[in-house]
Amino acid sequence: MVEIRFVVNDVKTGKTYQKALEEESLIGKKIGELVPGDFLGLDGYELQIRGGSDFAGFPMRRDIDGPIRKKALLGSGVGVKIKRRGMKKRKTVCGNQITNKTAQINLSIQKYGPKNLEDIFGKKETKAE
C-alpha cells in the first residue's frame, strides 16, 4: 500500500489540516465527488474531492478523464501559468481519477459533523525561542 497525504480545507475558518494514511478506499473516485469523512476520523463530515497530485508532483485536472498522465495543450487553469494573452503551453498533467500512484488528495468540507476539527487533528504548537 502507498501512503497518501490528505489535505482537508475548512471553508469556514480558511484553515487546512493534513493527515497521511495508507488508504485505498478512494481509488477510482473522481474530482468533484462527495465522500464521507469516516476514513480520516471525521465522523459525520462530508468531504468533496477538489484535486491532488501524483507521486512525481504532476497536478490533477478536472477536464482530463481517466487515471492517465497526459501532455495536454493548456491555455489556463491548474498546472499552467500563462504570461501573454492567447498563449498556450503543452504541460504534463494527471487525469481526474484517483489511482494508486496519487500522492496527495485535496478535500474540502461540504457538511460538518458534531466534533471540532482542531480536536480531531490536534493543534500543532511551535516554540518561540
Task: Estimated [θ] at 222 nm from DSSP helical runs (n ≥ 4, -39500 (n - 2.57)) normalised by residues in the chain, nearest 500 - done: -500 deg cm²/dmol
TODO: For the chain, report the translational diffusion coefficient in µm²/s to the nearest whole number, using Stokes-Einstein at 25 °C, 0.890 mPa s, and a Kirkwood Rh over Cα pairs.
DONE: 154
- [ ] Mind checking the per residue accessible area of the chain for me, 1.4 Å probe, whole number of Å²?
- [x] 66
Task: Restraint check, 12/81; 30/71; 30/70; 15/70; 19/115, Cα-Cα greater than 21 Å - done: 12/81; 15/70
- [ ] Could you pull out the longest piece of the chain with no exposed loop trypsin sites (Lys or Arg not before Pro) in it, calling a site exposed if DSSP puts it outside H, G, I, E, B and it has at most 11 other Cβ atoms within 10 Å?
- [x] 13-80
Task: Sparse-neighbourhood loop sites, chymotrypsin sites (Phe, Trp or Tyr not before Pro) in the stretch 36-129 - DSSP loop, at most 16 other Cβ within 10 angstrom - done: 55, 112
Task: Portion, in percent, of the accessible area of the chain that falls on carbon or sulfur, probe 1.4 Å - done: 45
Task: Zero-based 10 Å bins, Cα pair distances in the stretch 62-115, whole percents - done: 20, 39, 25, 13, 3
Task: Proximal aspartates and glutamates relative to residue 111, as straight alpha-carbon distance under 16 Å, when same-chain residues fewer than 8 apart are discounted - done: 10, 33, 38, 43, 46
TODO: Among the aspartates and glutamates, select those whose C-alpha is under 15 Å from the C-alpha of residue 91, and discard any that sit fewer than 8 residues away in the same chain.
DONE: 54, 63
TODO: Report, largest value first, the span of the C-alpha coordinates of the stretch 1-70 along each principal axis, in whole Å.
DONE: 35, 27, 19
TODO: Please tell me the relative contact order of the chain in percent, rounded to the nearest whole number, where contacts are Cα pairs under 8 Å and at least six residues apart.
DONE: 31
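The values are calculated or read from the model by the stated rules, or taken from the named source; none is laboratory data. Note that the coordinates shown come from a computational prediction; the quantities given were computed from them, not determined experimentally. Positions of Cβ are backbone-derived with ideal geometry, glycine not excepted, and every protein chain shown enters the neighbour counts. Side chains included, ligands, DNA and RNA excluded: accessible areas come from the protein's heavy atoms. Shrake-Rupley method; radii C 1.70, N 1.55, O 1.52, S 1.80 Å.
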